[in-house]
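Here, each number is a calculation from the coordinates, and none is a lab measurement. Computed from a prediction, not measured in an experiment: that's the story for all the values here. Cβ atoms come from the backbone with ideal geometry, glycine included; neighbour counts cover every protein chain shown.
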Amino acid sequence: MVFGKEGFFSRLKKGLAKTSETLAGKIVSITTGRMALDDATLEGIEDALIAADVGLPTASALIASLRDAVKSKDVATADDIRPFLRKRIEALVAVGEGANHAGAPHVILMVGVNGAGKTTTIGKLATRFSADGKSVIVAAGDTFRAAAIEQLAEWSRRAGCEIIRHQAGADPSAVAFDAIRAGIARKKDIVIIDTAGRLHTRSNLMEELKKVYRIIGRELEGAPHETLLVVDGTTGQNAINQVKEFHASIKLSGIVITKLDGTSKGGAVVGIVNETKLPIRYIGVGEAAEDLQPFDAALFAEALI
Ligand SMILES: Nc1nc2c(ncn2[C@@H]2O[C@H](COP(=O)(O)OP(=O)(O)O)[C@@H](O)[C@H]2O)c(=O)[nH]1
Ligand SMILES: [Mg+2]
């Protein structure tokens with residue numbers, strides 16, 4: 001397995017290809033051969049941003065700053081547009097501090113709707129951390145379906161890490177409790193806790209997640225150190241509502257956006273950060289463990305534009 005810098009950007013670029021074809025492709029065709037940076041050009045660029053699912057408020061803000069830059073001659077020719085947008089987008093998505101690594105063990109709680117990619121992301125992270133020489137426990141907190149427990153067990157076998165699991169239907173808080181206790185007792189570096197994305201009602205789910213969160217904090221002060229919402233990148237702009245809904249129930253520290261490889265709506269990443277001010281921690285740009293990448297604002301903007 002290769003986790004080095006080499007190949008990192010090319011994987012990112014390949015993963016974002018559909019979005020960047022939509023976005024950069026349109027911008028190139030609008031600006032090629034254009035001398036005047038008139039309203040029609042700016043509107044065309046706004047349409048390209050919206051087509052990539054950046055979202056209206058964020059697209060409008062980007063165009064407003066582009067219009068100012070044209071006025072002040074910071075953007076003088078059509079060729080200046082893409083570098084300008086790359087810098088602006090980089091600045092927009094670079095919110096918050098870097099990932100927090102505190103805690104012994106460092107505890108990551110993963111939440112999100114069904115199918116978003118929680119279990120897969122945990123598997124990829126466990127693989128990455130284990131390859132880096134860290135000792136990891138994953139906790140099968142999605143007890144709603146037996147298949148979810150098996151899926152995490154398969155990842156833990158492949159990653160060579162420990163799993164804490166109970167029977168299907170068990171209390172997820174009890175799984176989290178055992179995982180934290182085991183993590184402390186066995187001096188593990190990292191505990192990653194999976195959760196269900198679906199219960200009989202959404203309010204049941206939120207109550208259950210709050211309880212899991214509370215139990216974790218009770219067993220280890222300061223934990224969870226990261227509470228990450230996993231969102232499916234193919235849902236585009238709709239992800240913003242998911243972020244707001246979860247954030248209203250439990251305090252999120254960051255976001256993971258998966259499946260960016262399967263969509264031309266990857267511009268949503270920009271809108272999500274701009275509208276929620278929550279940092280993106282990781283992005284998923286493919287099925288392999290190496291395709292889960294720590295989010296890098298500069299590289300993301302470069303691959304996008
Ligand atoms: N192409 C692609 N597929 C992904 C990515 N992340 C997750 N998936 C797939 O999304 C599906 C649902 O993932 P899962 O982890 O079971 O979602 P959960 O219900 O939130 O735990 C699985 O088929 C994963 O392989 C990604 O970054 N890229
Ligand atoms: Mg799952």
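Some points to look at:
- Helical content of the chain, expressed as a calculated mean residue ellipticity at 222 nm, amounts to -16000 deg cm²/dmol (DSSP H runs of 4 or more residues, -39,500 (n - 2.57) each, divided by residue number, nearest 500).
- Percentage of interatomic Cα-Cα distances in the chain larger than 37 Å: 20
- Note on the chain: GNM, Cα springs under 10 Å; of V28, V191, V230, the largest mean-square fluctuation is that of V28.
- GNM top mover of A248, A196, A102 - the chain, alpha-carbon springs below 10 Å: A248
- The range 52-90 and the range 207-260 have Cα centres spaced 31 Å apart.
- Cα-Cα pairs of the range 111-185 separated by more than 17 Å (percent): 41
- Within the range 212-305, percent of DSSP bridges classed antiparallel, to nearest 5: 25
- Compared with the direct C-alpha span, the chain from K244 to F8 gains 81.9 nm at full extension, assuming 0.36 nm per residue.
- Dividing the C-alpha radius of gyration of the range 46-182 by 2.2 N^0.38 Å, with N its residue count, gives 1.55.
- The count of lysine pairs in the range 11-102 that are at least 8 places apart or cross chains, and whose C-alpha atoms lie under 20 Å apart, stands at 7.
- For the range 136-147, 3J(HN,Hα) computed residue by residue from phi via the Karplus equation (6.51, -1.76, 1.60; θ = phi - 60°) reads 10, 10, 9, 10, 7, x, 8, 9, 5, 9, 4, 4 Hz, glycine and proline entered as x.
- Of all beta bridges that DSSP places with both ends in the chain, some 10 percent have antiparallel geometry.
- Calculated diffusion of the range 188-277, Stokes-Einstein form, Kirkwood radius summed over Cα pairs, 4 °C and 1.567 mPa s, µm²/s: 91
- Proxy reagent accessibility, fewest Cβ within 10 Å first, across L85, L42, L16: L42, L85, L16
- Placing dummy labels 7 Å off each Cα toward the beta-carbon, the span from R145 to D74 is 4.8 nm.
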